[in-house]
Every structure is written in structure tokens, then in C-alpha cells.
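In what follows, a single structure is set out as C-alpha cells and then discussed.
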Amino acid sequence: MAGILKQITDLIDSAPAEMEFLDWLLGDKKPSVLNGTPVVLFGAGNLGKDILTALKSHGISPICFCNSDTSKSSPSYCGLPVITLDELKQFHQESIILVATQTYAASVRKRLLDMGFSRDKVLWPKDFDMALGLYFSYSNQSVLGFLRARDSNTLLKVLKDNEHKISAVYDLLADQKSKDLFVTKLAFLVRSENLALFKMLMLGFSEPIAEFGLIPFQEMGPENYFYFNNDVFPLSQNEVFVDVGAYDGDSVSCFVQACNNRKVGYKHIYAFEPDPGNHQALIRNTADIKDISFHQLGVWSEPTVLRFESSEKSFSTTASGIAESGDIEIHVVSLDDFLGGNEVTLIKMDPPGDVISKALDGARKTITRYRPKLVLNAYNTLEDIFEVPLLVNRLWPEYKLYLRHVSWTISETDLFAVA
């Protein structure tokens with residue numbers, strides 16, 4: 001193998017084995033835990049919940065939590081009992097105690113050692129830091145669950161089978177930042193258990209980490225902020241914004257805020273959201289926004305009716321999407337038909353599932369005529385990060401293509417395209 005694929009595989013091969021998730025977290029106790037030694041999580045807080053989720057996804061089920069002050073906690077947490085220090089000392093001398101608090105980790109470990117617990121049974125990775133803590137977040141664990149549907153060897157084969165596409169996209173990307181992100185993201189997707197690759201991806205390429213640091217802000221999500229505040233394009237006077245997958249209005253609100261901050265006006269916002277619950281939230285949350293039209297429609301290559309998994313049935317309100325097994329039907333339209341030749345300057349498409357290709361196909365005339373700025377998700381599958389840029393280049397070869405990672409999670413790698 002040569003060229004870009006070799007860069008990716010070299011990065012995969014160089015990632016240290018000791019930074020594989022279970023090796024890093026459990027060290028030499030990994031075989032014992034996998035063979036059934038009980039695990040107790042010390043710390044019934046957010047990190048404890050996240051570590052519990054991560055362990056369960058690897059077939060490891062801790063038996064309880066322990067809190068030093070049970071008067072401040074419930075008798076159970078995440079479906080597990082919360083025990084006292086006395087109960088821990090009486091019943092769990094032979095258990096593995098995994099410290100599940102970052103702030104008080106040193107104090108907890110010292111206290112347990114002072115109580116006589118064996119040093120090799122009280123575990124806390126010595127290099128646990130805030131960056132690695134992000135790996136345990138619910139959002140990241142959800143995405144990692146999807147990645148594990150195909151093992152590393154299968155994912156590596158996908159890269160080898162698509163070597164010509166990967167090389168083509170690397171050459172198409174307009175700046176070195178995009179090229180380096182492309183290589184690093186593909187390496188991580190293949191070997192997503194490796195925390196060294198995780199840190200390389202997030203510390204090297206996460207726009208919100210670079211701008212705001214390691215502690216996420218909650219309001220409206222960082223991806224929405226960076227759709228409109230980025231180093232690829234500025235917002236201009238009289239934007240006409242088409243939001244495909246407007247969800248509950250979070251990206252619309254960020255667009256308006258960005259326009260206000262830059263002191264530029266916009267002409268109109270078209271907000272498309274087919275999910276009934278999310279559409280109602282969209283209307284509520286943007287009630288004070290002017291020059292906006294709401295459309296309870298999906299965007300597709302042609303007008304039709306499709307099955308759709310609603311937010312009431314999906315695992316998350318953000319995960320509702322077109323699916324053959326969906327619980328409802330939705331109407332979809334093509335942007336060409338719907339807009340009828342009207343001007344557009346910015347299109348954002350962030351729908352779940354395999355929608356981008358169909359939606360772009362239905363917007364060919366509009367995009368060809370007006371050359372709007374495009375922000376397209378390129379992360380729903382491993383293949384998206386090279387298939388979406390290739391699609392845009394095939395339809396509109398004059399566009400310059402950039403990749404940016406716009407989240408504290410591992411998923412939000414987007415394609416920014418400008419003519």
C-alpha cells in the first residue's frame with residue numbers, strides 16, 4: 001500500500017496497545033475482570049454513569065456504586081445499589097474498585113489504601129485527564145456502539161477497497177488542515193478503541209476545543225455555532241438560509257445570532273423538519289425570529305411519501321429519520337421543486353441516515369444556479385467522509401472542499417463547500 005492509505009494505516013499501527021480502552025482503564029486486571037471478578041464503581045456521579053455505560057458496552061457489568069457519603073445520594077443509581085464505605089470494606093476486599101470521579105480521584109484512592117484495600121485492586125489510570133474524560137460521554141459511547149457493529153479488520157478492508165476514492169478526496173481537499181483531519185479521522189474510525197487516536201483527533205482538530213477548551217458548553221450545541229462561525233466562509237448580507245434537519249430550532253437560532261453578531265441581515269430562513277414533535281419544538285423555540293417559514297417536510301430527490309422513525313420511537317430526539325421500519329409516514333420534497341427557482345445562499349444538511357445524496361440530487365438546479373455555501377454532515381458512516389465530498393465534486397467540480405470537526409464528540413465531522 002502506498003500514499004494516503006499508507007499514512008492512515010501507519011497511524012493505526014503506531015497507536016500504542018496500552019491505550020486500547022480496556023487495557024488503559026483496567027491494566028493488568030483486564031483478564032480478571034473479563035473472567036468475572038466483581039467491579040465496584042466508586043463515585044455515583046456523571047463520570048460513574050458514563051464509565052458504567054462504557055463497561056457495559058464491552059460486556060462488563062459492575063455490581064454496585066460506592067459513595068463516601070451516602071446521605072447525599074439515593075439508595076440506587078443507574079439501576080445499581082449504592083453502598084457505604086463500611087459495606088465496601090466488609091464485602092468487597094476481593095473486588096476491583098474502579099475510581100469513577102476525576103476531581104477527587106487522588107483523595108479517594110488514598111482513603112481506600114489507608115483503609116487497607118490492596119493497591120492493585122483500586123484502579124485509576126494515572127494519565128486520566130479531561131481530554132480522555134470526553135471519551136466516556138454518552139454521545140461518544142452511542143457513536144462507538146455503532147462503530148463496533150463492524151470490527152477493525154472489516155473497517156480496514158473498507159478503506160483498502162476504497163483506496164482510489166480516499167486518495168481522490170485527499171487531493172480534492174482545499175487545505176492541509178482538512179487533509180490531516182481526513183487521515184486522522186479515518187484512522188480513529190478504524191481503531192476507535194484506542195484513546196491515543198481519540199486524543200489526537202480531538203486535541204488536534206476539534207474546533208470547539210481549540211476555541212473554548214475541554215469543558216463543553218450546553219446551549220444549542222457547538223456544531224450549530226461552527227456552522228456559521230468558522231474559518232471557511234463568512235456570513236454575508238442578505239443570506240437566504242435553507243436548514244435541512246432543523247430539529248428544534250437550535251441551528252436556526254445560532255444562524256440568527258451569528259448574523260446579529262456580524263451585523264449582517266438575512267432575507268429568509270427555510271426550516272425543514274419532518275418529525276412532528278421536533279417540528280412543534282422548532283416553531284416554539286423560534287417564535288421570536290422574523291422572516292422564517294416552517295415546513296414539516298423531509299428533503300429528498302423527488303416528491304413522495306416515505307416511512308420515518310419518529311422522535312417518539314428513536315433512541316434520541318436527534319436520531320429520528322427516514323427508515324423502512326419507521327412508525328410514521330412523512331412527505332418529502334425536492335428543493336428544486338419546492339423553491340421554484342428562488343435564490344438560496346446557504347444550505348445546511350444534517351439529517352440522520354443516508355439522506356444527503358438524495359437531497360443534493362433534488363437540489364441540482366438550485367445549487368448550479370446560485371452556488372450557495374454548503375455545510376453537509378459527513379459522519380453517519382465511515383464511508384461518508386469520502387463519499388460526500390466525492391458526490392459534491394462530481395455534481396459541482398468548481399466547489400472548494402473543506403473538512404472541519406465541529407464538536408466535542410467524535411461524530412460531527414462536516415464538509416464545508418464554497419464556490
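Give segment 132-149 a look and list any residue that's over 15 Å from SER57 (Cβ atoms) and either surrounded by fewer than 17 Cβ atoms within 10 Å (Cβ to Cβ) or of a type in the set (D, E, K, R) (or both), or say none. Show your work before the answer.
Here is the first cut: in segment 132-149, the residues over 15 Å from SER57 (Cβ atoms) are 132-134.
Once the filter is applied, which keeps residues that are over 15 Å from SER57 (Cβ atoms) and either surrounded by fewer than 17 Cβ atoms within 10 Å (Cβ to Cβ) or of a type in the set (D, E, K, R) (or both), segment 132-149 yields only GLY133.
Restricting to segment 29-47, name every residue that is part of a helix (DSSP H, G or I) and modelled with pLDDT of 95 or more.
LYS29, LYS30, PRO31, SER32, VAL33, LEU34
When you scan segment 131-143, do you find a residue that is more than 14 Å from LEU41 (Cβ to Cβ), in contact with an Asp or Glu (Cβ under 8 Å, 6 or more places away or on another chain) and not small (Gly, Ala, Ser), even just one?
Yes - at least one qualifying residue is present in segment 131-143.
When the residues of segment 373-393 are narrowed to those that are of a type outside the set (D, E, K, R) and part of a helix (DSSP H, G or I), which ends up nearest to SER142 (Cα to Cα)? I'd like the intermediate steps shown before the answer.
Restricting attention to segment 373-393, the residues satisfying the condition of being of a type outside the set (D, E, K, R) are 374-382, 385-386, 388-393.
The next check asks that each one be part of a helix (DSSP H, G or I); those that pass are 385-386, 388-393.
Values: ILE385: 19, PHE386: 22, VAL388: 22, PRO389: 25, LEU390: 27, LEU391: 27, VAL392: 28, ASN393: 31 Å.
Among those that are of a type outside the set (D, E, K, R) and part of a helix (DSSP H, G or I), it is ILE385.
Does segment 312-326 contain any residue that is modelled with pLDDT under 95, hydrophobic (A, V, I, L, M, F, W, C), in contact with a strand residue (DSSP E or B) (Cβ under 7 Å, 6 or more places away or on another chain) and in a loop (DSSP other than H, G, I, E, B)?
Within segment 312-326, the subset modelled with pLDDT under 95 is 312-326.
Going one step further and asking which of them are hydrophobic (A, V, I, L, M, F, W, C), we end up with 315, 319, 322-323.
Filter again for in contact with a strand residue (DSSP E or B) (Cβ under 7 Å, 6 or more places away or on another chain), leaving 322-323.
The next check asks that each one be in a loop (DSSP other than H, G, I, E, B); those that pass are 323.
Yes, segment 312-326 contains at least one residue that is modelled with pLDDT under 95, hydrophobic (A, V, I, L, M, F, W, C), in contact with a strand residue (DSSP E or B) (Cβ under 7 Å, 6 or more places away or on another chain) and in a loop (DSSP other than H, G, I, E, B).
If you go through segment 217-241, how many residues are assigned to a loop (DSSP other than H, G, I, E, B), in contact (Cβ under 8 Å) with a residue 60 or more places away in the chain and within 10 Å of CYS254 (Cα to Cα)?
1
For segment 351-378: of the residues being in contact with a Leu (Cβ under 9 Å, 6 or more places away or on another chain) and among the hydroxyl-bearing types (Ser, Thr, Tyr), which is farthest from ALA419 (Cα to Cα)?
First, the residues of segment 351-378 that are in contact with a Leu (Cβ under 9 Å, 6 or more places away or on another chain): 356-357, 359-368, 372-378.
Of the ones still in play, those that are also among the hydroxyl-bearing types (Ser, Thr, Tyr) are 357, 366, 368.
Working: SER357: 19, THR366: 14, THR368: 10 Å.
In this case the residue turns out to be SER357.
Which is surrounded by 18 or more Cβ atoms within 10 Å (Cβ to Cβ), under 30 Å from THR286 (Cα atoms) and within 21 Å of the chain's Cα centre (by Cα), of PRO216, PRO222? Outline the logic, then answer.
On the way: PRO216 fails: surrounded by 18 or more Cβ atoms within 10 Å (Cβ to Cβ).
Every option except PRO222 fails the conditions.
Name the one entry in ALA258, ALA323, ALA281, ALA287 that is touching a Leu at 6+ places or on another chain (Cβ under 7 Å) and of a type in the set (Gly, Ala, Ser). Working first, answer last.
Numbers: ALA323 fails: touching a Leu at 6+ places or on another chain (Cβ under 7 Å); ALA281 fails: touching a Leu at 6+ places or on another chain (Cβ under 7 Å); ALA287 fails: touching a Leu at 6+ places or on another chain (Cβ under 7 Å).
So the residue among ALA258, ALA323, ALA281, ALA287 that is touching a Leu at 6+ places or on another chain (Cβ under 7 Å) and of a type in the set (Gly, Ala, Ser) is ALA258.
Look at LYS110 and say whether it is surrounded by fewer than 14 Cβ atoms within 10 Å (Cβ to Cβ) and of a type in the set (Lys, Arg). Walk me through it before giving the result.
Numbers: surrounded by fewer than 14 Cβ atoms within 10 Å (Cβ to Cβ): yes; of a type in the set (Lys, Arg): yes.
So LYS110 fits the description; yes.
Identify the residue in segment 265-289 that is touching a helix residue (DSSP H, G or I) at 6+ places or on another chain (Cβ under 9 Å) and assigned to a loop (DSSP other than H, G, I, E, B) and, among all such residues, is farthest from LEU346 (Cα to Cα).
ASP275
Please enumerate the residues belonging to segment 24-50 that are within 24 Å of the chain's Cα centre (by Cα) and either surrounded by fewer than 20 Cβ atoms within 10 Å (Cβ to Cβ) or under 23 Å from SER76 (Cα atoms) (or both). Reasoning before the result, please.
If we filter segment 24-50 for residues that are within 24 Å of the chain's Cα centre (by Cα), which is where we start, we get 24-25, 45-50.
Matches in segment 24-50: GLY45, ASN46, LEU47, GLY48, LYS49, ASP50.
The values are calculated or read from the model by the stated rules, or taken from the named source; none is laboratory data. Quick caveat, the model's predicted, so the values are computed rather than measured. Virtual Cβ from ideal backbone geometry, glycine too; neighbours counted across all protein chains shown.
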